[in-house]
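First the structure, in the form of structure tokens, and then the observations on it.
The values are calculated or read from the model by the stated rules, or taken from the named source; none is laboratory data. No experiment lies behind these values; they were computed from the predicted model shown. Please note: Cβ atoms are built from the backbone with ideal geometry, for glycine as well, and neighbour counts cover all protein chains shown.
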């Protein structure tokens, strides 16, 4: 057993920050790039007034001795435990992927005492100066806000159901002490189904592709409905992997309908599940679409928790790259219920389609933690009976202004 004695920051006025090993979110990240990222973040910590880095070798020995993860996704609880053992106040985890010559760099910081984590993201060019500059900027931003600016759900005291203006295309709504963000999707048209960027991965159910017009603006959940929000509305949490910032799962289509009805009652606004067309339009990025294969890019590991990186479980929302609208996890994490009955596509153009008039199964979209990359595509379609509950199924909501 290795025993460490932490000489704390007492008397020095400095907060200690430990930096975790770089987490590779795609297979093409090289060891030199991982060393570069970690070194740049540690240098940024030392150059930020009020902070200095915890000894790298000691921290690596702690996480190895206690069998914490050294690769793959690192959970907040692992970070918190390791941080307490090291006697530090913050733990930073860098997460990297490479897509089309650009680095996808997430830097996550956890406040060990409060357990709250925050994430920022940059996409520097894959050069040493660009990566070092991004690491410095992101680290200083997180440290200067002392763990603020979380991309996951945020809490507030009291509050009411009124929407609050956050950004031009985002509104924040409060239920009890839980805030959740809705992202505006402007009306427009798109080609739905097996389009060219989907390649040879299409299933027969995705054809024929056809033009769809959405005539009214709407808002869609920035994140999948979290366990925190579901419990605030429904008073229960049926999920298998319980954590306030993970998506709710083990919910049926019927359960999602009940949630939407209760949320609408509480807020006095009209919430529902997205139609299949609304879901795909938003997943593709709406009017800002770049015609990517997955929601947010062409690298599945950069945007989705799936069987190649999930560790066979869900993950906190908002940790990977968002799509063009700023919506997260529309590829992977949990499959998402849609309003429609499942049915075959037609080739004719449609306006505000509602799906089949009847059927046996409801539509599921988006791929999940246990599925492969093929089902994470924006055009992929799945289905199940309205009463089915599974640990791979959740949902997000839409709001009509």
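If you go through the stretch 351-361 and keep only what is assigned to a loop (DSSP other than H, G, I, E, B), free of Cβ contacts under 8 Å to residues at least 60 places away in the same chain and surrounded by fewer than 17 Cβ atoms within 10 Å (Cβ to Cβ), you end up with 357, 358, 359, 360.
If you go through the stretch 330-350 and pick out every residue that is assigned to a strand (DSSP E or B) and either more than 10 Å from residue 366 (Cβ to Cβ) or in contact (Cβ under 8 Å) with a residue 60 or more places away in the chain (or both), you end up with 7. Regarding residue 332, is this residue crowded, with 19+ Cβ neighbours inside 10 Å, at pLDDT below 95, within 16 Å of residue 224 (Cβ to Cβ) and in the same structural domain as residue 246 (by TED's automatic domain parsing)? No: the conditions fail for residue 332. For residue 273, state whether it is within 18 Å of residue 332 (Cα to Cα), assigned by TED's automatic domain parsing to the domain that holds residue 379, within 23 Å of the chain's Cα centre (by Cα) and buried (at least 21 other Cβ atoms within 10 Å of the Cβ). In short, yes.
Could you go through the stretch 212-229 and let me know if any residue there is without any contact (Cβ under 8 Å) to a residue 60 or more places away in the chain and surrounded by 18 or more Cβ atoms within 10 Å (Cβ to Cβ). Break it down into steps so the answer makes sense when it comes.
Taking the stretch 212-229 as the starting set, the residues that turn out to be without any contact (Cβ under 8 Å) to a residue 60 or more places away in the chain are 227.
Pick out the ones that are also surrounded by 18 or more Cβ atoms within 10 Å (Cβ to Cβ) and you get 227.
Scanning the stretch 212-229, I find at least one residue that is without any contact (Cβ under 8 Å) to a residue 60 or more places away in the chain and surrounded by 18 or more Cβ atoms within 10 Å (Cβ to Cβ), so the answer is yes.
When the residues of the stretch 297-323 are narrowed to those that are touching a helix residue (DSSP H, G or I) at 6+ places or on another chain (Cβ under 9 Å) and surrounded by fewer than 21 Cβ atoms within 10 Å (Cβ to Cβ), which ends up nearest to residue 286 (Cα to Cα)? For the stretch 297-323, the residue satisfying everything is 298. Scanning the stretch 278-303 for residues that are farther than 24 Å from residue 188 by Cβ and in a loop (DSSP other than H, G, I, E, B) yields a count of 1. Filtering 316, 401 for residues that are over 16 Å from the mean Cα position of the chain (by Cα) and either assigned by TED's automatic domain parsing to the domain that holds residue 29 or in a loop (DSSP other than H, G, I, E, B) (or both) leaves a single hit, 401. Tallying residues that are assigned to a loop (DSSP other than H, G, I, E, B), closer than 18 Å to residue 250 by Cβ and touching a strand residue (DSSP E or B) at 6+ places or on another chain (Cβ under 9 Å) within the stretch 362-392 yields 9.
Restricting the stretch 237-254 to residues that are at pLDDT 95 or above and touching a helix residue (DSSP H, G or I) at 6+ places or on another chain (Cβ under 8 Å), the residue that is nearest to residue 362 (Cα to Cα) is 251.
Return the only residue of 367, 387 being surrounded by fewer than 19 Cβ atoms within 10 Å (Cβ to Cβ) and either modelled with pLDDT under 95 or in contact with a helix residue (DSSP H, G or I) (Cβ under 7 Å, 6 or more places away or on another chain) (or both). Being surrounded by fewer than 19 Cβ atoms within 10 Å (Cβ to Cβ) and either modelled with pLDDT under 95 or in contact with a helix residue (DSSP H, G or I) (Cβ under 7 Å, 6 or more places away or on another chain) (or both) holds for just one of 367, 387, which is 387.
Scanning the stretch 174-189 for residues that are farther than 17 Å from residue 244 by Cβ and surrounded by 17 or more Cβ atoms within 10 Å (Cβ to Cβ) yields 182, 183, 184, 185.
Yes/no per residue for (1) assigned to a strand (DSSP E or B); (2) farther than 16 Å from residue 256 by Cβ; (3) touching a helix residue (DSSP H, G or I) at 6+ places or on another chain (Cβ under 6 Å):
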| site | (1), (2), (3) |
| --- | --- |
| 180 | yes, no, yes |
| 194 | no, yes, yes |
| 198 | no, yes, no |
| 220 | yes, no, yes |
| 228 | no, yes, no |
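Reported count of residues in the stretch 78-122, each being touching a residue at least 24 places away in the same chain (Cβ under 8 Å) and under 19 Å from residue 321 (Cβ atoms), is 23. Of the candidates 88, 74, the single residue that is touching a strand residue (DSSP E or B) at 6+ places or on another chain (Cβ under 7 Å), surrounded by 13 or more Cβ atoms within 10 Å (Cβ to Cβ) and at pLDDT below 85 is 74.
When the residues of the stretch 280-301 are filtered to those that are at positive phi and over 17 Å from the mean Cα position of the chain (by Cα), which remaining residue is modelled with the highest pLDDT?
286
Among the residues of the stretch 116-148, those identified as assigned to a helix (DSSP H, G or I) and within 21 Å of the chain's Cα centre (by Cα) are 134, 135, 138, 139, 141, 142.
Restricting the stretch 192-209 to residues that are surrounded by fewer than 17 Cβ atoms within 10 Å (Cβ to Cβ) and more than 18 Å from residue 364 (Cβ to Cβ), the residue that is farthest from the chain's Cα centre (by Cα) is 208.
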